[in-house]
Amino acid sequence: MPELKLGPDTERRLAAAREYRGLARIEGPLIFVRKTHPVGYRELVECVDSSGSPRLGMVMDSSDDLVVAQIFEGTQNLTMPDTTVRFTGKPLSLGVSTAMLGRVFDGLGRPIDSGPPPKAEREVDVNGRPINPTAREYPRDFIQTGISAIDGMNTLIRGQKLPIFSGNGLPHNELAAQIARQAKIRGGKTDFAVVFAAMGVKHDVARFFIRSFEETGSSDNVALFLSLADDPSIERIVTPRVALSLAEFLAYEKGMHVLVILTDMANYCESLREISTIRGEIPSRKGYPGYLYSDLAEIYERSGMIKGLPGSITQLPILTMPNDDISHPIPDLTGYITEGQIVFERDLGGRGIYPPVAGLPSLSRLMKDGIGKGMTREDHPHLASQLFAAYSYVKDVRNLASVIGEEELSPLDKKYIAFGEFFETRFINQSPDEDRSMERTLDLGWEALRRLPAEELHRVTDEELDTWYGAEVGG
Amino acid sequence: MNERIIGRVRRVNGPVIILRGVRDARMLELVHVGNGLLVGEVIKLEGEEALVQVYEDTTGLAPGEPAYGSGMPLSLELGPGLLGSIYDGIQRPLDELLKRTGTFIGRGVSANALDRSRRWGFVPSAAKGSLLAAGAVLGRVQETSRIEHRICLPPGTSGKLISIAPEGEYGVDEVVAVIDTGQERRELTMVQRWPIRVPRPARSRRPPSIPLVTGQRVIDTLFPLAKGGTVAIPGGFGTGKTMTQHAIAKWCDADIIVYIGCGERGNEMTDVLTEFPHLVDPRTGKSLMERTVLIANTSNMPVSAREASVYTGVTIAEYFRDQGYHVAVMADSTSRWAEALRELSGRMEEMPAEEGFPAYLPTRIAEFYERAGYMDTLSGSEGSMSIIGAVSPPGGDFSEPVTQHTKRFVRCFWGLDRNLANARHYPAISWLDSYSEYLEDVSSWWTDLAGEGWARDRKEIVELLRRETRLLQVVKLVGPDALPDSQRFVIEVCGLFKNAFLQQNAFDEVDRFSSPLKQYKMLSLILAYWRRGAGAIKRGVSLGELKKIAVLQDIVKMKFTIKDDDEEAFAKLAAALDRAVDRLESAYA
Ligand SMILES: Nc1ncnc2c1ncn2[C@@H]1O[C@H](COP(=O)(O)OP(=O)(O)OP(=O)(O)O)[C@@H](O)[C@H]1O
Ligand SMILES: [Mg+2]
């Protein structure tokens, strides 16, 4: 049945004008209202406190005699008798437009810079709807970020969702900003619009990004949605959805390539846990709700490319791993949904290596279809695979060296140590404003491999050895 | 919609809703809820209330809205047109949905699972007047160039064939046969309906004895799966569950593939959809899509339809099994299905057991895998359904409930190892944690193919891998130099086996599939190096010399360079190896 019947809908709209004064209960961010007209699940709620300022919320539970809604701006200072509630008869929506680029919004999508409210071209439900898998176009075009650890080893693909798993104090913001600055499609100019959503991060993090966009003169191509650390935590649940609603509009209706940066997903998950606890739901691991996976998937799956449409959404969610623990539910469930992950290693960071991208746990799953002949360079797939294999052996050798001492290592193992050193300090390591070409990255990879004898290189072909291993490329 | 109103919505707080004023709803009845006619299923009846699991997003649904009962359980349409299709968890055709609601999936859309506008060439094979038992073949439709769809009497229907349509083109809705069941005359079309939660009956179960050949060496040679068998692939994120499932879906020797994307990524389904039509089955030369049915209920699609999706998949698989086909079902991932159960159970406010999962989780897992088997079908043929279930343990920790319970009910286990995956050793199937209880069952098949040597060689390599593990522990403590050459050679040979045999590149044209015979030839060569090398070391040849044998480089690359049927190339390699070792030994004679 494609269209809704007119009757009940009109009814709903009429009823929506009705207001209710007085609450039955307030608990955490939740309000409880008795004896209302039939209210739709997930309907948008406006609630006005005694001072007359409005707050937005969403219906979480609707039954004959009771409606429960969560208030995004928090319930602080609400009183039971003096609060007025209005049900709007529609889900939380956002007016979207191209004019939103270059602007700053709060976590619910209302402008907080000094400009006028941008004129909406369309109203969209922020919850989005699942993309039909048959409508998707499989992503294959690589994005050059100018960062060897990514371009060479974990190539980013247009339409991919590739999170950064970081830890407190590690330079994830620097890396995300650098990607946003340098990202380009081969042969083309930088043609990315950036949608940036901050959830529970500090003011200086937001400022850092804003400054970084200003410095490169790209501010006009960036829309920021800020729900900062001192904003009500419940608002964070909406922020990524609002940001992605704009991204979808820009990508699929305006044909833009959109890079979405979401930071910090750990804060998002904490807000979700908070509400779940208050609602008395049965928790699964570490107190997070059982639906955390599905909820995160609703966000992360809003990326990709659509058949027949020119635009794309590439997601770079950032999350700090509690205690640097990759098996914590937040990174774990994220890794189960995203198409790979860039993992930071505190050890590398401590040694001053930037970006401190861990060699082995990092992975780009879409890389395989976007690299090689005609895309990056013909030697890229085998080179990357060989670097991974060799670097993985370096870890074994280092373990051995820590037991028997580096002196005692066999001559071959010592070569691996030298390879590892070069790989980390010369290949991975670069400056936050260095924009390396793909060629340079791959050449550096071969330079690293030249620390090893050719017989050790099983993953590259003899022809590749002839062409690249033997070649003297200027360092 | 001419369905009766069975009640009205009392409460909505997610995918499970409560109806009030319910008097004549049936358990597991298919219902349409609210003004948007969302599809749902009655899952509990109590007093005048019914609990309904809604398969679509319930946003906007309000108390007081009506619910309509259909009078029948949630069932599938089974008939010509299934192959090559992609459905959501409750068998709605996704390409049809795309036409109706565009890029984003709309709600309340009902579409026939089988295309009504298509006509199929029906060739009758049962004779008018004959007495037919349930499951008997009425006629045939060449559904794809590769698969002949056998139109059978539905289970539970038997009798005298009063009339049967002559050869010709028919739509799936048209009557092709009339049966006198003794009670009534029943008109039959090419479509049957079958409820997803009820296993389709077969005549009897047979013990499995034929391997499902996957072309993946670590599987076929070390941990084989039998046709009609069950296997779990557990592994943390990114360890290779989906890649393994895709590889098997592409290259295994089943007749029909049912691939269930259960709560996983949209792009992975797109990958299958774009790649399979262009891939050619090495056995039949036909496009792989011609034998494939896809069920896609991705992670962002409604969670209750995710719960249903695995049943939808196995029901379709059983339907083809009943026609006498060997069907392989991939379920990626059963953990998402279990989590859907958990979420729905939570919404129903049931008492949770371990980690919030309902107490009936093990029962459901057991029932699911029990539907696999090698059967004598009602139609008198043999058919099988194998189930290959991915498991996604939180934190990659196999001690969690879904992995543990699954382990109780499957007979084969391919454990993925994070360290192997990190080292890009693919497939990252651990040779230490994995096992197959089908080994005995299929060994006579292998013996027929490869001779008595197979079982012995397989055992020998497994033994070597065990020795290697112990030796590596020593090396970790004192370094390799502390070991004598004879022991270091064990490590050397195992290293070769891992590189040359276990690792298999899913993206290489030649390497992605190895025939059983090629697998055996490869294994024999590596063991020849072991046996000859161990002998040479006894005679005084050093490990360094053995490692330098030039032909080793060819052995490492044989997976890429030697095609499946090229026995001669293997014989040449073996001879070259022999000569090289002979030469080394002659210096010490
Ligand atoms: N056999 C293989 N050959 C080559 N690459 C592989 C193979 N198996 C896995 N990979 C690599 O590992 C990546 C992850 O594999 P895959 O998607 O199968 O993981 P998964 O276990 O299904 O993860 P998740 O649980 O998150 O879905 C692939 O994108 C690919 O890069
Ligand atoms: Mg997977």
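The values are calculated or read from the model by the stated rules, or taken from the named source; none is laboratory data. Just so it is clear, the structure is predicted and the values come from calculations on it, not from any experiment. Ideal geometry is used to build each Cβ from the backbone, glycine not excepted, and the neighbour counts take in all protein chains shown.
Key figures for this structure:
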item	result
Qualifying residue in segment B:427-448 (condition: touching a Ser or Thr at 6+ places or on another chain (Cβ under 7 Å), small (Gly, Ala, Ser), within 16 Å of ligand 1 (Cβ to nearest atom) and assigned to a helix (DSSP H, G or I))	no
Selected residue [in contact (Cβ under 8 Å) with a residue 40 or more places away in the chain and closer than 30 Å to A:Arg302 by Cβ] from B:Ser117, B:Ser110, B:Ser145	B:Ser110
Segment A:85-126, residues that are loosely packed, with under 15 Cβ neighbours inside 10 Å and of a type in the set (S, T, N, Q)	A:Ser114
In segment B:203-214, the residues that are surrounded by 23 or more Cβ atoms within 10 Å (Cβ to Cβ) and either over 24 Å from B:Ala390 (Cβ atoms) or within 16 Å of ligand 1 (Cβ to nearest atom) (or both)	B:Thr214
Count - residues of segment A:395-413 that are at negative phi, surrounded by fewer than 17 Cβ atoms within 10 Å (Cβ to Cβ), over 38 Å from the mean Cα position of the chain (by Cα) and not aliphatic (A, V, I, L, M)	5
Leading residue by the ranking (farthest from A:Val195 (Cα to Cα)) among those in segment A:279-305 that are among the charged types (D, E, K, R) and facing chain B (nearest Cβ under 8 Å)	A:Glu281
Among the candidates A:Thr320, A:Thr314, residue that is in contact with an Asp or Glu (Cβ under 8 Å, 6 or more places away or on another chain), of a type in the set (S, T, N, Q) and modelled with pLDDT of 95 or more	A:Thr320
Qualifying residue in segment B:266-287 (condition: touching a strand residue (DSSP E or B) at 6+ places or on another chain (Cβ under 8 Å), hydroxyl-bearing (Ser, Thr, Tyr) and within 15 Å of ligand 2 (Cβ to nearest atom))	yes
Residue match in segment A:322-330 (condition: within 16 Å of ligand 1 (Cβ to nearest atom), more than 19 Å from A:Met199 (Cβ to Cβ) and not aromatic (Phe, Trp, Tyr))	yes
Whichever residue in segment B:258-317 is among the acidic types (Asp, Glu) and more than 14 Å from every other protein chain (Cβ to nearest Cβ) and, among such residues, is nearest to ligand 1 (Cβ to nearest atom)	B:Asp281
From the options B:Lys227, B:Lys241, B:Lys250, residue that is away from ligand 1 (no atom under 12 Å from the Cβ) and touching a Leu at 6+ places or on another chain (Cβ under 9 Å)	B:Lys227
Single match in A:Asp82, A:Asp65, A:Asp61 (criterion: surrounded by fewer than 16 Cβ atoms within 10 Å (Cβ to Cβ), of a type outside the set (A, V, I, L, M, F, W, C) and within 23 Å of B:Gly34 (Cβ to Cβ))	A:Asp65
Total residues in segment A:324-333, condition more than 8 Å from chain B (Cβ to nearest Cβ) and without any contact (Cβ under 8 Å) to a residue 12 or more places away in the chain	1
Test result for A:Pro317, within 16 Å of ligand 1 (Cβ to nearest atom) and more than 11 Å from chain B (Cβ to nearest Cβ)	yes
Every residue from segment B:105-155 that is assigned to a loop (DSSP other than H, G, I, E, B), of a type in the set (Val, Ile, Thr) and more than 14 Å from chain A (Cβ to nearest Cβ)	B:Thr144, B:Ile147
Failed item, numbered, when A:Asn267 is tested on (1) in contact (Cβ under 8 Å) with a residue 12 or more places away in the chain; (2) within 10 Å of chain B (Cβ to nearest Cβ)	(2)
Verdict on A:Leu309 being out of contact with any Phe, Trp or Tyr (no Cβ under 6 Å at 6 or more places or on another chain) and in the same structural domain as A:Phe225 (by TED's automatic domain parsing)	no
Boolean, A:Ser53 is free of Cβ contacts under 8 Å to residues at least 12 places away in the same chain and either under 20 Å from A:Ser271 (Cα atoms) or at the interface with chain B (Cβ under 9 Å from one of its Cβ atoms) (or both)	no
Pairs with Cβ under 7 Å, 6+ apart, first in segment B:484-501 and in contact (Cβ under 8 Å) with a residue 12 or more places away in the chain, second buried (at least 20 other Cβ atoms within 10 Å of the Cβ) and of a type in the set (Asp, Glu)	B:Val490/B:Glu468; B:Ile491/B:Glu468; B:Cys494/B:Glu468
Test: residue in segment B:54-73 that is touching a helix residue (DSSP H, G or I) at 6+ places or on another chain (Cβ under 9 Å), more than 14 Å from chain A (Cβ to nearest Cβ) and surrounded by fewer than 24 Cβ atoms within 10 Å (Cβ to Cβ)	no
Verdict on B:Glu187 being surrounded by fewer than 21 Cβ atoms within 10 Å (Cβ to Cβ) and in contact (Cβ under 8 Å) with a residue 40 or more places away in the chain	no
Subset of segment A:355-414 [away from ligand 1 (no atom under 12 Å from the Cβ), more than 8 Å from chain B (Cβ to nearest Cβ), part of a loop (DSSP other than H, G, I, E, B) and not aliphatic (A, V, I, L, M)]	A:Pro355, A:Pro356, A:Gly359, A:Gly372, A:Lys373, A:Gly374, A:Thr376, A:Arg377, A:Glu378, A:Asp379, A:Gly405
Residues located in segment A:314-356, provided they are within 16 Å of ligand 2 (Cβ to nearest atom) and among the β-branched types (Val, Ile, Thr)	A:Thr334, A:Ile337, A:Thr338
Test set (1) within 24 Å of A:Asp231 (Cα to Cα); (2) modelled with pLDDT of 90 or more; (3) within 12 Å of chain B (Cβ to nearest Cβ) - A:Pro38 fails condition number	(1)
